[in-house]
Each structure stands twice: as structure tokens, then as C-alpha cells.
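Encoded as C-alpha cells, the structure appears first; notes follow it.
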Amino acid sequence: MRWIVDWHENHTVLRFEGDLMIGATQFFETGVLPWLAVPFAPIILDLSDLKIIVSAGLASLIKIQNAASSADVHVVLVRPAEEAWQALKLTRLDRLFPHAESVKEAVTLVKGKSS
């Protein structure tokens, strides 16, 4: 698992490569939460590589959304693989974040939010 950060003037793309299993959630959270501490641009959380998410990973997403809301930072998810997406839909966490099918679509969403 790893993070790839692609910073732009008007948004930041955080791409998580790996699965959100027990033991990975702390790494996941420490990759996102610092970007919310100093709100300056929307965050695109690219989960397109994510295939497996367990309950601890779902809890991490809730923690991130709560932190983003407190920091007034707009976060858009790029949809994970179908298996993980079904877990988000089943728990209704798909309603917690705006989401997009691709990074390109997410960029369009954050640009629309900031104008």
C-alpha cells in the first residue's frame, strides 16, 4: 500500500493504492488527515485501486469526512472497484461523500464547487 500525491493549485489528488483492511487504516488516515489540517484546496480521494474495505476502513472514511467537514474542506471520492463500492453502498456511506467515476470527473466537480 502507498500514497501518491498530485498537488495542483486548485485541488490535490490523493491516490491510495492498496486495500483498507485491519492494519491499513492508520496508514490510510495519516495519508489524508494532514491535508485537512490546513484547508487550502479541495481534496480528491482517489480510491480507484481499492478492492477490499472492511469495517475499520469504513470507520476511517467516516473519520475523514468528519474532519473534512470540521475543516471546511471539500472532499470528492473517486469510486473504488465494484466490490468495495458495494460495501459503501450497502452501508450508505456512498451518500457521505460526493463521488465521481474518474479523477477527471472529480476535478470537474471540485471546479464547479469552487466557482
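The values are calculated or read from the model by the stated rules, or taken from the named source; none is laboratory data. Because the structure is predicted, anything quoted here is derived from the model rather than measured. Every residue, glycine as well, gets a Cβ built from its backbone with ideal geometry; the counts of neighbours run over all protein chains shown.
Can you confirm whether Val13 is out of contact with any Asp or Glu (no Cβ under 6 Å at 6 or more places or on another chain), of a type outside the set (D, E, K, R) and either closer than 19 Å to Val107 by Cα or part of a strand (DSSP E or B) (or both)?
No: the conditions fail for Val13.
Selection of first residues in segment 1-24 that are acidic (Asp, Glu) and of second residues that are assigned to a loop (DSSP other than H, G, I, E, B) and buried (at least 18 other Cβ atoms within 10 Å of the Cβ), restricted to Cβ pairs under 8 Å at least 6 apart or on distinct chains, gives the following pairs, ordered by first then second residue: Asp19/Leu50.
Of all positions in segment 7-15, none carries a residue that is among the polar types (S, T, N, Q), surrounded by fewer than 15 Cβ atoms within 10 Å (Cβ to Cβ) and modelled with pLDDT of 95 or more. Of the residues making up segment 42-87, those that are within 19 Å of Ala24 (Cα to Cα), surrounded by fewer than 18 Cβ atoms within 10 Å (Cβ to Cβ), of a type outside the set (Val, Ile, Thr) and more than 13 Å from the chain's Cα centre (by Cα) are Lys51, Ser55, Ala56, Ala81, Glu83. Scan segment 17-34 and give yes if some residue there is exposed (fewer than 14 other Cβ atoms within 10 Å of the Cβ), touching an Asp or Glu at 6+ places or on another chain (Cβ under 8 Å) and within 25 Å of Lys111 (Cα to Cα), otherwise no. So far as segment 17-34 goes, yes, one or more of its residues are exposed (fewer than 14 other Cβ atoms within 10 Å of the Cβ), touching an Asp or Glu at 6+ places or on another chain (Cβ under 8 Å) and within 25 Å of Lys111 (Cα to Cα). Residues in segment 91-106 that are of a type in the set (A, V, I, L, M) and modelled with pLDDT of 95 or more were compared, and the one that is surrounded by the fewest Cβ atoms within 10 Å (Cβ to Cβ) is Val103.
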